[in-house]
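Undergrad: Just passing along the structure, written as structure tokens.
Read-outs throughout are calculated quantities, based only on the coordinates presented, and are distinct from any laboratory measurement. Because the structure is a prediction, the values reported are computed rather than measured. Here the Cβ positions follow ideal geometry from the backbone for every residue, glycine too, while neighbour counts run over all protein chains shown.
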Amino acid sequence: MESINYLDWSLLVLHKLDSTYESSKKIDDLLENFNTLFVDNSTDFKRIFDSNKALSGIVLDLDEDAEEIVKFVRETNPKIPIFILTEEDSSKLSLQILKLVNIVMNVFEDSTSFLSGQLELEVEKYMSSIKPIFFGKLMDYTHKFKYPWHTPGHAGGLMFMTNPIGKMMLDFYGENTLRSDLSISVPELGSLLDDEGPVKDAESNSARVFSADKTYYILNGTSSVNQVIWKGRVTKDNLAFVDRNCHKSLNYGMVITEAIPMYMIPRRNSLGIIGPVKLEEFTKEYIDKIIQNNPKLTEEQKKQKIKMSALTNSTYDGLCYNVNKIKEALNNNVENLHFDEAWYAYAKFHPIYKNHYAMTESDNFIEHPPIFASHSTHKLLGAFSQASMLHVKDGTKDKVDFVVFDEAYLMYGSTSPQYSMIASLDVSTAMMDFCGDKLMDETILNAIHFRKRIAKLNKEYASFNEWFFSLWQPEKVLYNGTLIDFEDVPDKYLLEHQESWTLDSDNNWHGFNDIEKNYVMLDPIKLTLKCPGLNVNGKYDEIGIPATILSNYIIDRGVVNEKTDTYSLLFLHSIGTTVTKQEALIKVLMNFKKDFDNNTPLKDIFPDLVSSYPEKYYTKGLKDHCLDMHNYIKESKLLELMDKAFQVIPKQELTPAEASREVFRGNIEHLPLKDCMNRTAGVIVVPYPPGIPVLMGGERIDEASKSILNFLLAREEFERVFPGYFSDIHGIEAFNDEDGVRRFHTMVIKN
Ligand SMILES: *Cc1c(COP(=O)(O)O)cnc(C)c1O
């Protein structure tokens, strides 16, 4: 297999047809040693430049278009060499352009072989300048064709050649994947755990690019990042202040550190969308109050400061906090601040997110404790699954002792890290460093186009008195002093004005009535699609489409969403989303509408569902089915029950760590949920949707927290009424009891 060679990539040459035979001949000689792509007009040039990233350089005639082309190239590629060919005097070129090009050459004056050599040097320089630190070294090493007498045992893929099944794997993944699967026995590549060599350099580079003081690569996902942060900073009986809207890995963080948690309660709107925690909850008064009112704490413990405060940023529906406001409100009253930014690693790269991410620069030198950010680089940037980053910004006064913190890191690191994963973190960093702002510009702009498309379609259908889907987004935006329809605001304005996306109680499209000024913004690239059925003011519509039905429909037709709530679905508009992909989504939504309006027989739409439960669904059409479920949700008050369930924080009988100890001692019972009154939960219970814990291990199910039980039992009943719509609830197992009835079961601590 060949190494990546600058000669494999092509020079893109814009050469007009009207040039003389003589000059064309010279150019052919000049470029003889290169792969080339010739175009004769600037439109084709731009099209190819945009779509082909395997370009090693640009060659242009000096003519009236040259300036424009040079600027166009430099917008997205600051480094690719640009060569200008001229037959006469180059005084036509402005100083500004001269600064942007590499070589201006006259093919009639110098020898073509000399010029060709210069081109080669520049191209080589470029190709090595864009090689990321670690990935570059990994490629170089792989191309040294050394015999591996070390782990991994497949030895660069040799093992797979001994066996037909292995051969299948080798053919599928290709030799490079296997030959670059190395181990720490290769000293040239450094070491992840010892923090040395190219791995260390790559991590330092990521720290610079993501504005952190220190960055760690973590190869077991943000689930581990979160635990490393907690393990490194929190210990037994420390007080923690945690977003209830947290990922389950934070619950495990509390278990392993034996911290005593207290919770922030995120708001919810009447669509069931999780909103931001109130800013007030970050003030000293509020925090003092929850500490003083916590019956679990001894007088000594009540004198402690909060050791760790953890918040999910952005929320699962794309609400991002103004981090500087939070720092200001906290006023250094907690010892560590942790932002779980699993879905949000790109924020640094576009000004629309200014101040709304953990590693942001502080306004006015606000004092702050050490700040930690968790990034699932694999979720919305380009890393392989499980490859994540942990970023630290040191406190203004309180400094992290990294020798101590490393101990926590080492506890979670494998001694056999996967080198391709490290490379993918390095590559993701380099990609964003190279032109992250431009990538984000395009991504946000495309998301804005999509948002406008849906808004327009919705209005077009409405003009025929027909329903359509909509997006959870501002209906009107303040533009030049007046509120105008979202779809009429110029793209560029929406792209450049954060305030277009900031939630405000005066322009309440979002359903959070008491939102603080300049506190929270909607991320333009997180698309929450609303189905008819329920409005932000909490009123049910006549017709309703439960999101779970729509989600099954689109998944069967090749469009997969990220998350499904009761009447809304989340789609991620990530980097690289194409118009074709957008159109496929719009088409499937329109098809759904057609099938709904025609009440197409359910057996044609969900054949598997109908054949599994014919007595329930055989005679139904899609519309009947949606309305049955919609009316059931309405009448059973499922959403109201959910709302009430999330308003209570149950009594903490045991801390998560104490509960976990009981679980592993086997001091537990598995009970049907209906029999769990006045019992203590053994493990965390998280219903999806909305993916927020209703119960943490150690919390008490009693009269005061009965609404949680009521909600879960209502979900159980829902699944009996609509067989086939079985939900995923972490901490709950559903199966048929001896009487043949399907019930939810959970683990509680023995009395
Ligand atoms: C996905 C997620 C995690 C866990 O990240 P992995 O990389 O999948 O381990 C942590 N926190 C939040 C908020 C998440 O959404």
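Undergrad: About the Cα centre of the chain, what is the dipole size in debye to 20, counting +1 per Lys and Arg Cβ and -1 per Asp and Glu Cβ, all else neutral?
TA: In debye, rounded to 20, the chain gives about 2340.
Undergrad: In Å, what Kirkwood hydrodynamic radius results for the range 292-333 from the alpha-carbon pair distances?
TA: The answer is 12.7 Å.
Undergrad: Another one. In what order do Ser223, Ser388 fall by count of nearby beta-carbon atoms within 10 Å, going from fewest to most?
TA: Ser223, Ser388
Undergrad: Could I ask something else about it? Kindly rank 643-656, 596-609 from highest to lowest mean number of other beta carbons found within 10 Å of each residue.
TA: The densest-packed peptide leads the list: 643-656, 596-609.
Undergrad: Rank these for me by crowding, Val107, Val404, going from fewest to most other beta carbons within 10 Å.
TA: Ranked by crowding around the Cβ, least crowded first: Val404, Val107.
Undergrad: Return one quarter of the surface area of the convex hull spanned by the alpha-carbon atoms of the range 325-460, equal to its mean projected area, in nm².
TA: About 11.1 nm², averaged over all directions.
Undergrad: Another question, if that's okay. Which shape class, rounded, prolate or oblate, goes with the range 77-135 when its Cα gyration tensor gives a ≥ b ≥ c as root eigenvalues, a/c under 1.5 marks rounded, and past that a/b bigger than b/c marks prolate?
TA: oblate
Undergrad: In degrees, nearest 10, range 0 to 90: what is the angle between the Cα axis of helix 402-412 and the longest Cα principal axis of the chain?
TA: That works out to roughly 80 degrees.
Undergrad: Skipping prolines and chain starts, which residues have an amide H placed within reach, meaning under 5 Å, of the one on Leu534, given they are 5 or more residues away or on another chain?
TA: Here Asp541 satisfy the definition.
Undergrad: Let me ask another. Can you give the Rg and Dmax of the chain based on its C-alpha atoms, in angstrom?
TA: For the chain, the Cα radius of gyration and maximum Cα-Cα distance read 29.4, 96 Å.
Undergrad: Tell me, what ³J(HN,Hα) does each residue in the range 628-642 have, in order and in whole Hz, if you take phi through Karplus 6.51 cos²θ - 1.76 cosθ + 1.60 with θ = phi - 60° and put x for Gly and Pro?
TA: Values per residue, Gly and Pro as x: 4, 5, 4, 5, 5, 4, 4, 6, 7, 6, 4, 6, 5, 5, 5 Hz.
Undergrad: Let me ask something else about it. Extent of the range 188-434 along each principal axis, from alpha carbon coordinates, in Å, largest to smallest?
TA: Over the range 188-434, Cα extents along the principal axes are 56, 37, 36 Å.
Undergrad: With the Cα gyration tensor of the range 538-667 in hand, convert its eigenvalues to equivalent ellipsoid semi-axes via √(5λ) and list them largest first in whole Å.
TA: 35, 22, 17
Undergrad: Excluding residues fewer than 8 places away in the same chain, name every one of the aspartates and glutamates whose C-alpha is closer than 12 Å to that of Lys137.
TA: Reachable aspartates and glutamates: Glu188, Asp201, Asp426.
Undergrad: While we're looking at this one, here's another question. Tell me the Kirkwood radius of the range 441-555: reciprocal of the mean inverse pair distance over distinct alpha-carbon atoms, in Å.
TA: 15.3
Undergrad: Going by Cα centres, the range 492-514 and the range 313-365 are how many Å apart?
TA: Answer, in whole Å: 18.
Undergrad: While we're on this one: Taking 0.36 nm per residue of sequence separation and subtracting the Cα-Cα distance, how much length would be gained by fully extending the chain between Thr298 and Ser183, in nm to one decimal?
TA: 36.4 nm
Undergrad: So for the range 21-102, Kirkwood radius off the Cα pairs, Stokes-Einstein at 25 °C and 0.890 mPa s: how many µm² s⁻¹?
TA: Diffusion coefficient, whole number: 181 µm²/s.
Undergrad: Also, I was wondering about something else. Hey, any idea what Rg/Rh is for the range 435-636, computing Rh the Kirkwood way over Cα pairs?
TA: 1.00
Undergrad: So how many Å³ per residue does the convex hull of the Cα atoms of the range 135-186 work out to?
TA: Taking the convex hull of the Cα positions in the range 135-186, it is 70 Å³ per residue.
Undergrad: Also: Show me 561-574, 283-296 ranked by packing, highest mean number of other Cβ atoms within 10 Å first.
TA: The packing order, highest mean first, is 561-574, 283-296.
Undergrad: Straight-line reach from Lys16: which lysines have Cα under 20 Å away, leaving out those fewer than 8 places along the same chain?
TA: Lys25, Lys26, Lys46, Lys71, Lys92
Undergrad: Let me ask you something else. By per-residue mean of other Cβ atoms within 10 Å, what is the highest-first order of 176-182, 494-500, 455-461?
TA: 176-182, 494-500, 455-461
Undergrad: Still on this model: Counting Lys +1, Arg +1, Asp -1, Glu -1, what net charge surrounds Ser612 among other residues with beta carbon under 14 Å of its beta carbon?
TA: With Lys, Arg at +1 and Asp, Glu at -1, the net is +1.
Undergrad: Suppose we look only past 28 Å in the calculated P(r) of the range 1-154. What percent of the Cα-Cα pairs does that tail hold?
TA: 25
Undergrad: Is there a pair in Lys348/Lys452; Lys325/Lys379; Lys79/Lys530; Lys248/Lys305; Lys593/Lys634; Lys289/Lys348 whose C-alpha atoms are over 32 Å apart, and which pairs would that be?
TA: Lys79/Lys530; Lys289/Lys348, as the Cα separations exceed 32 Å there.
Undergrad: Just for the Cα atoms in the range 356-416, what are the lengths along the principal axes, largest first, rounded to whole Å?
TA: 42, 29, 8
Undergrad: For the chain, find the longest principal axis of its Cα atoms and tell me its angle to the long axis of helix 21-30, 0 to 90°, nearest 10.
TA: The two axes meet at around 60 degrees.
Undergrad: Rounding to the nearest 10 and keeping the result within 0 to 90°, find how far the Cα-based axis of helix 547-556 lies from the longest principal axis of the chain.
TA: 40
Undergrad: Next question, about the same structure. Let me know the whole percent of all Cα-Cα pairs from the range 75-213 that are separated by more than 25 Å.
TA: 54
Undergrad: Using label points projected 7 Å from each Cα along Cα→Cβ, tell me how many nm separate Asp401 and Lys25, to one decimal.
TA: A separation of 7.9 nm, rounded to one decimal place.
Undergrad: Okay, moving on. Based only on other Cβ atoms within 10 Å, what is the fewest-to-most ordering of Trp343, Trp467?
TA: With the sparsest Cβ surroundings first, the list reads Trp467, Trp343.
Undergrad: Where a ≥ b ≥ c are the square roots of the eigenvalues of the C-alpha gyration tensor, would you call the range 638-749 rounded, which needs a/c under 1.5, or, failing that, prolate if a/b is larger than b/c, or oblate?
TA: Taking the square roots of the gyration eigenvalues as a ≥ b ≥ c, the range 638-749 is oblate.
Undergrad: Would you mind classifying the range 241-309 by shape? Square roots of the alpha carbon gyration tensor eigenvalues, ordered a ≥ b ≥ c; an a/c under 1.5 is rounded, otherwise it is prolate if a/b is larger than b/c and oblate if not.
TA: Oblate is the answer for the range 241-309, as a/c is 1.5 or above yet b/c matches or exceeds a/b.
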